[in-house]
Amino acid sequence: MTQQAPTSRTGLAATAFGVPPNQEKLVGAVCVFRSRPAPGPGLAAQLVARAFTALDQVPLDVRLYVHDLQDTAEKWPALPITLPPTPWQAATLVDDLAALVTALSAAELREAAEGLALTRGEVALAYDKPVLARDWADDDEPLPDAATPPRGRRAREAELLQVFDHVDPHDWTPEQNGAVRKALLIRLAGLGDALLRVSALPPASLDWQTDGERLTARVPVPGAPQPLEAQVAAESVEPHPFTSWDDPMWGSTGAAASRECWRWSVGWRSAGGAFHTDARSSEASPAAARFGAEQTLAAYAAQAPTVRQQLRYRLLVPRQPDTLAMSDPAVLVLGLRSLLEAVCDEYRSEANHPEPGAGWRVLPHQDENQEHGLVAILLDDCSLPCPELGDPANDADPASTAFEDFLRSHAVLLTPPARAYLAGLSSAGPGELSLRRRHEAAIRAVFAVGGEAADLLAADTGPLPDGMAWIDLLDAAALEEFLAATEPDQPR
């Protein structure tokens, strides 16, 4: 018989984690994912089991963000102000989780907190923050920087937590009961976030290889010269200034847990072999980091034909220059107006940061120090790819077929005025010349192709204001005035 695929949240999560479909194994896997200790036997384990049972009822089509439950729990019973707005499902689910701890007695709160190994920091943060802020500000002492708290704040934090060390739960104040209850709710919500996150997405496991201190996985993409690549590595985190912050509130008081996070990165390599990150994030555990990288890599691979790197603007799957069509969904069109706006930006930069004797070269587009020439700078200002060291087009003149083929391979098309302008920047001469001189040569090249009154030029840049002639655009001040006067309407 063919085994049916799981249809519950816990079943899907167990499949994703690769553990048997029993609650104890699943809870252990979720705790590892969140970098939390597994709950001890008794009340702690029962609370987590009941929380997972409540979350198992969430429809599979309900998608929450990574920390929706925890963020909501931290503000509970109020709703957090988030962008995008917290889904109503998150508030409802946190209400369900809160019901699990609301009726617990002080002794049960203490038992559950010890079984879940709640830390001193979790309990302190769950305490009423406005009260703590007011207390820390006593005696005209300024609120401290979190990175370097003064002795006063450290002492007050220690004093707060010592109350729990020396007071029997039966004698806790309502505020102390509330702090432990809130800390338990936040812990359950954090575990719930992991369960919902993993169960919402199909497994996308990769073949991870150890590469020094990193884990690396690669996925070939049809038509791409380089595979997509994911990396995972540990990152140390500055020790918390409160030395006891990571110690369990109750139970074992061994050494504090190591403060580290795990960063994942997804991207691909250039022709020269350098890895260029396109997406990244930090997670609490290597399991969560691998999961984040795997899901991102799967999303990239699914839309590979239109994926562009965020900072280099290159396509993952380059096009054949001679077959590129306007119907290609990845096509970007560069017009003269965008180039003129970029030139104005460079004029302003030059005026604000004058460097005596400095000039602007065109070739190579990127030198051995990774400094860009003028054409490359303008393309980058327009959020378009430019040739780099190691690319055959790095020494290609902007007027050449090789240069335009490079742009077309990354689905960038030039309007005729834009093509003439880029070619004109180079025609001013070799070496480092003033921006004014290169711009004047480029504008004259545009006029030579289309004529000053050409409809094509007006269509590319916008019509001239009254009292201005095209030749006026040779001047930087007039160019800026023209662009300001003909600024396109912004979408409302």
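Throughout, read-outs are computed from the coordinates displayed, never taken from laboratory work. Computed from a predicted structure; not experimentally measured. Methodologically, a virtual Cβ is constructed for each residue, glycine included, from the backbone with ideal geometry; neighbour enumeration extends over all protein chains shown.
For residue 436 and residue 380, calculate 0.36 nm times their separation in residues minus their Cα-Cα distance, and state this gained length in nm to one decimal. Let's see the in-between values first.
On the way: separation 56, 0.36 × 56 = 20.16 nm, distance 1.95 nm.
Length gained between residue 436 and residue 380: 18.2 nm.
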Practice problem: Report the GluC sites (Glu not before Pro) located in segment 371-448 that are in a DSSP loop and have at most 14 other Cβ atoms inside 10 Å of their Cβ, or state none. | Solution: 371, 432
Quiz item: Once fully extended, how much extra length lies between residue 233 and residue 280, figured as 0.36 nm per residue of separation less the alpha-carbon to alpha-carbon distance?
Solution: 15.8 nm
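Applying a 10 Å radius around every beta-carbon, put 211-218, 323-330 in order of their mean neighbour count, most first.
211-218, 323-330
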Quiz item: Which ³J(HN,Hα) values in Hz, rounded to whole numbers, follow from the phi angles of segment 335-344 under the Karplus curve 6.51 cos²θ - 1.76 cosθ + 1.60, where θ = phi - 60° and Gly and Pro get x?
Solution: x, 5, 4, 4, 5, 5, 5, 5, 4, 4
Quiz item: With each label point set 7 Å from Cα along the Cα-Cβ vector, what nm distance links residue 25 and residue 311?
Solution: 4.2 nm
Quiz item: Relative to the present Cα-Cα distance, how much length would full extension add between residue 323 and residue 395 at 0.36 nm per residue of separation?
Solution: 23.6 nm
Exercise. With label points built 7 Å along Cα→Cβ from the Cα atoms of residue 261 and residue 78, find their separation and express it in nm.
Key: 2.5 nm
